1. Looking at the structure I just gave you, is residue 200 more than 16 Å from the ligand (Cβ to nearest atom), within 16 Å of residue 124 (Cβ to Cβ) and either modelled with pLDDT under 95 or in contact with a Gly (Cβ under 6 Å, 6 or more places away or on another chain) (or both)?
2. Scan the range 208-233 for residues that are more than 11 Å from the ligand (Cβ to nearest atom), surrounded by fewer than 20 Cβ atoms within 10 Å (Cβ to Cβ) and without any contact (Cβ under 8 Å) to a residue 60 or more places away in the chain and jot them down.
3. Can you pull out the residues in the range 40-61 that are part of a helix (DSSP H, G or I) and at pLDDT 90 or above?
4. Mind checking which pairs have a first residue in the range 248-265 that is in a helix (DSSP H, G or I) and modelled with pLDDT of 90 or more and a second that is within 14 Å of the ligand (Cβ to nearest atom) and of a type in the set (D, E, K, R), Cβ under 8 Å, 6 or more apart or different chains?
5. For residue 86, state whether it is over 16 Å from the mean Cα position of the chain (by Cα) and over 23 Å from residue 217 (Cβ atoms).
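The values are calculated or read from the model by the stated rules, or taken from the named source; none is laboratory data. Only a predicted model underlies this, so the values are computations on that prediction, with no experimental measurement involved. Glycine also receives a Cβ, built like all others from the backbone with ideal geometry; neighbour counts cover every protein chain displayed.
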Amino acid sequence: MRRIVDSTERGVYRAGRWLAGLFGGAKSLAALLALALLATGCFTVPVTGRSQFNLFDTADDLALGKEAYVSVLKESEGQLVRTGPEVELVRKVVDRIAAVSDDPGFEWEANVIRDPEMVNAWCMPGGKIAVYTGILPVCQGETGLAVVLGHEIAHAIARHGTSRMSDTLVAQLGLEVAAASSDEVAAYKEALALSVQLLVLMPFGRDDELEADHIGLIYMARAGYDPREAVDFWRRMSELSGDGGPEFLSTHPSNENRIAAIERLLPEAIAVYEASGKGSARNSNSP
Ligand SMILES: [Zn+2]
């Protein structure tokens, strides 16, 4: 697990650099603080229809994700898989799912990072995706990969990253933002730094995970991938122990709760799958 600690430290460093850009840019602190005070639950999550509190707009998601993505790719440069069947398969599945998702105009990009020990994948705000090679054997092919990527794309479209940042900001600042002194500005920056770090390096909460499972199931079904594979995938994941990323080996929700929730959603997802008219992608399970 040492590697995760290292990348957390790097995340804090990256967050600091991002903050320097934010506070030097056009988006002034005052404007953000005003938003923090005025905003109410102002984003409706596609598929589930849940109303979400979010201080950021989709242009912010794009800018934030892009900046953090460039940093991660730079750090992983030596491990980037540039060509070959793994990259082709990942990009094919991303293309199929993004095409049927509730895409608000994200700039989709997917890369594969060679790290056989890392059982993980993520999608940053704005559609920037990484898949670590360690998760590919658990996927066992295209449909299993669609479970993973449907779930990750769902986190981005449901805007869980910037929603979590918004909650963190409001929780840390409370109403004191109205009279922001230099001390409070410093605290504000610290809160933001923590939040950016959370984008990639910390597990999402249980509710966000279950929502991403739900939306991901519908998206994979729309794309013509049999959603029943999600149950098999999470069973395989639950048998795993050892190193992995925070996203896929997080303990909340527990695997049993997660599989039970997916099974409850399957009738809805299977109806979407059958209506997609795209045939059984479950049988095209080899790269
Ligand atoms: Zn997740």
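1. Considered against the rule, which asks whether it is more than 16 Å from the ligand (Cβ to nearest atom), within 16 Å of residue 124 (Cβ to Cβ) and either modelled with pLDDT under 95 or in contact with a Gly (Cβ under 6 Å, 6 or more places away or on another chain) (or both), residue 200 comes out as no.
2. Selection gives 228, 231.
3. We begin by selecting, within the range 40-61, every residue part of a helix (DSSP H, G or I); these are 58-61.
Residues satisfying the conditions do not exist here.
4. 258/209; 258/213; 261/213; 262/213; 265/213
5. Judged against the criteria, residue 86 is a match.
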